[in-house]
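This report refers to the structure that appears directly beneath it.
The values are calculated or read from the model by the stated rules, or taken from the named source; none is laboratory data. Remember, it's a predicted structure, so these values are computed and weren't measured experimentally. Neighbour counts run over all protein chains shown; Cβ positions are idealised from the backbone, glycine included. Please note that ligands, DNA and RNA were not included when accessible areas were found on the heavy atoms of the full protein model with its side chains. Shrake-Rupley method; radii C 1.70, N 1.55, O 1.52, S 1.80 Å.
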Amino acid sequence: MSAVGTILKENLWTNNPIFMQVLGICSALAVTNLLTNTMVMTIGVTFVTAMSSLTVSLIRQFVPRKVRMIVQTLIIAFYVIIVDILLKAYAPDISRQLGPYVGLIITNCIIMGRLEAFAQSNPPLLSTWDGMTAGFGYMAVLLVIAFVRELLGFGSLFGVRIMPSGFVPWTIMVTAPSAFFLLGIIIWVGKTIMNREGAPA
Amino acid sequence: MSAAPVLNPFSLFFASIFTSNILLANFLGMCSFISISKDGKSSNGLGFAVTVVLGITSAVNWAVLHFVLIPLQLEYLRYIVFIITIAATVQILEMIIDRVSQALYMSLGIFLPLITVNCAILGVSLFIDIRAYTFVQSVIYGVGSGLGWWLAIAALSAIRKKTDKSPVPAGLKGPGITMITIGFMAMAFMGFSGMLQVQ
């Protein structure tokens, strides 16, 4: 398989940032009670990961190893500010609901992890692709969690009510513990399937 | 959420430890929480370090926000500035501890670099900004959140000692069962929320 395909498969499945590496779950849990918010948040994360991978890869020869952490953090912060300002301007409601979690993309370990593990030692285009697919892997898991939480917690999807009127919303799905349970179950399912495939975990 | 809440310091303190625990209600600081909680001793070390750093950075970041960023109308730079203050504070703290007490450095030193990327620290600073806390409220909220985080990681590491020896299905071992344990802890902490209402 070509490098492009391998990276896609690794980031989406065998090395998924959320359920294989258990990285970046702070925001994964906090924003998943509504699908719309999750969508916006994950697009933001994907954008930041892809762009900072590109930038780090472009300047990797010029940055001394000793200061690379702080340089990477500043690059990430730069893109996060762009996302934050765009959200405030075009989607003020969602920006308010996401609250501090947009800013917390900076400390999302997925991004730092991809920069260190991949962009630091690979050409720009491939690094961008790697960052983007890592974002997609994150997006896939979050959307599943958000789907279940919004469907059972509010009886709606993307804010549109789809459950019959007799449906009683599950209060637990709106609150914090359900996010932990769902993520635990997703990790369980993912790992079990992977063990069955016999992939080296 | 943006209006300045009128809170008495005590209820804010207890609320930040129990009812709105930074970890169990706001999901902040999960990464190091899961990897470090395997070991009880390190959990206590990291919990202490997080509490100290949160106490200092919440004060420093409040001051930076109100004396530098707001007067100069540079609020949009707050992410970058906050992260730099946190990194600098951690670095200075590391040097001071190294000078003052070797024993403390040995037990605390290895955790300090981890703290810079702990989202709980940045999260608390951002909450202070969003909820427009006063200086005293900020420090109380910072220290309280640190203690809450410490309590949660100490409790989880004790539980994990037990679950390590339990017959858990293969796919659920490690992070899976940990997430479910945290879920139960979060439910238990929700029981406190009847006592105090903040936010």
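Yes/no matrix, rows are residues, columns are (1) among the β-branched types (Val, Ile, Thr); (2) out of contact with any helix residue (DSSP H, G or I) (no Cβ under 6 Å at 6 or more places or on another chain):
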| residue | (1), (2) |
| --- | --- |
| B:119 | no, no |
| B:124 | yes, no |
| B:131 | no, yes |
| B:135 | no, no |
| B:139 | yes, no |
| B:151 | no, yes |
| B:155 | no, yes |
| B:163 | yes, no |
| B:168 | yes, no |
### Message
part of a helix (DSSP H, G or I), touching a residue at least 40 places away in the same chain (Cβ under 8 Å), over 14 Å from the mean Cα position of the chain (by Cα) and away from chain B (no Cβ under 12 Å): is that true of residue A:43 in this structure?
### Response
no
When every residue in the range B:156-170 that is within 14 Å of another protein chain (Cβ to nearest Cβ) and touching a residue at least 24 places away in the same chain (Cβ under 8 Å) is compared, the one nearest to the chain's Cα centre (by Cα) is B:156
Of the residues in the range B:57-75 that are within 20 Å of the chain's Cα centre (by Cα) and without any contact (Cβ under 8 Å) to a residue 40 or more places away in the chain, the one that is nearest to residue B:37 (Cα to Cα) is B:60
Within the range B:75-97, residues surrounded by 13 or more Cβ atoms within 10 Å (Cβ to Cβ), more than 11 Å from chain A (Cβ to nearest Cβ) and farther than 14 Å from residue B:60 by Cα come out as B:94, B:97
If we ask which residues in the range B:5-59 are over 26 Å from residue B:84 (Cα atoms), within 14 Å of chain A (Cβ to nearest Cβ) and open to solvent by less than 10 Å² (accessible area, probe 1.4 Å), their number turns out to be 2
Of the candidates A:59, A:25, A:76, the one satisfying the condition of being open to solvent by 10 Å² or more (accessible area, probe 1.4 Å) and either at pLDDT 85 or above or within 14 Å of the chain's Cα centre (by Cα) (or both) is A:59
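Rundown of residues vs (1) touching a residue at least 24 places away in the same chain (Cβ under 8 Å); (2) surrounded by 14 or more Cβ atoms within 10 Å (Cβ to Cβ); (3) hydrophobic (A, V, I, L, M, F, W, C); (4) farther than 17 Å from residue B:30 by Cα, yes/no style:
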site: B:99; (1), (2), (3), (4): no, no, no, yes
site: B:102; (1), (2), (3), (4): no, no, no, yes
site: B:105; (1), (2), (3), (4): no, yes, no, yes
site: B:114; (1), (2), (3), (4): yes, yes, yes, no
site: B:124; (1), (2), (3), (4): yes, yes, yes, no
